[in-house]
Amino acid sequence: MKIKIGITEANLKNSTTILTSALANQMTLYVKLRKFHWNVSGASFMEFHLLFEGQYKKLEVAIDETAERIGKLGGRTIGTLKEFAELTVIKESPNEYPEQKDMLKELIADHETIIIQLRKDVDSSEAENKDAGTADFLTGLMLDHETMAWKLRRYLE
């Protein structure tokens with residue numbers, strides 16, 4: 001059934017492409033946060049263990065909401081690790097287990113990468129796709145990533 005919400009079919013497709021990219025980035029960061037949560041050690045073990053858990057739980061909600069937004073716009077949601085890996089801009093580090101400080105730096109960089117991409121996607125959603133709903137949704141994601149990056153950054157100041 002065709003969706004009739006005041007956005008052209010081409011623009012709906014563009015919006016779902018943007019959202020799919022955001023989903024892939026969030027899933028990759030989610031997995032990295034889980035890895036760091038499982039492998040963190042040292043003097044502040046419990047604090048970082050809980051910090052990373054809080055962030056991946058926040059991402060769990062955002063991931064689900066992103067997938068549902070894709071569906072609301074008539075798209076199909078990817079759901080395999082291969083698809084996520086092909087679309088993400090977040091770099092993985094197999095067989096690497098950084099120290100706490102390096103975990104923080106890596107996560108900050110990942111959040112900042114996502115923030116920069118989301119900022120561009122908000123602009124595209126508004127200006128090119130005429131999709132205020134997706135622009136608003138992506139703005140919310142961007143704000144969440146800004147908060148998560150800020151919390152991590154505070155440990156390094």
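No value in this document is a laboratory result; all are computed from the given coordinates. The model shown is predicted, which means the values in this text are computed figures rather than measured ones. Here the Cβ positions follow ideal geometry from the backbone for every residue, glycine too, while neighbour counts run over all protein chains shown.
Just a few scattered comments:
- In the stretch 1-16, the residue that is surrounded by the most Cβ atoms within 10 Å (Cβ to Cβ) out of those that are in contact (Cβ under 8 Å) with a residue 12 or more places away in the chain and in a helix (DSSP H, G or I) is SER15.
- Any hit, the stretch 90-105, residues being charged (D, E, K, R), under 13 Å from THR20 (Cβ atoms) and out of contact with any Gly (no Cβ under 9 Å at 6 or more places or on another chain): no
- Any hit, the stretch 108-127, residues being farther than 24 Å from SER15 by Cβ and crowded, with 16+ Cβ neighbours inside 10 Å: yes
- Any pair with Cβ under 6 angstrom, 6 or more apart, that starts in the stretch 100-122 at a residue that is under 22 Å from GLU47 (Cβ atoms) and ends at one that is among the β-branched types (Val, Ile, Thr): ASP110/ILE90
- Taken together, VAL31, VAL40, VAL89 contain a single residue that is out of contact with any Cys (no Cβ under 9 Å at 6 or more places or on another chain), closer than 16 Å to MET142 by Cα and β-branched (Val, Ile, Thr), which is VAL89.
- Within the stretch 82-97, considering residues that are surrounded by fewer than 16 Cβ atoms within 10 Å (Cβ to Cβ) and not charged (D, E, K, R), the one nearest to MET27 (Cα to Cα): ALA85
- Count of the stretch 31-55 residues, restricted to those that are crowded, with 20+ Cβ neighbours inside 10 Å and of a type outside the set (Val, Ile, Thr), is 7.
- Some residue of the stretch 70-81 being touching a Lys or Arg at 6+ places or on another chain (Cβ under 7 Å), within 22 Å of LYS130 (Cβ to Cβ) and in contact (Cβ under 8 Å) with a residue 24 or more places away in the chain: no
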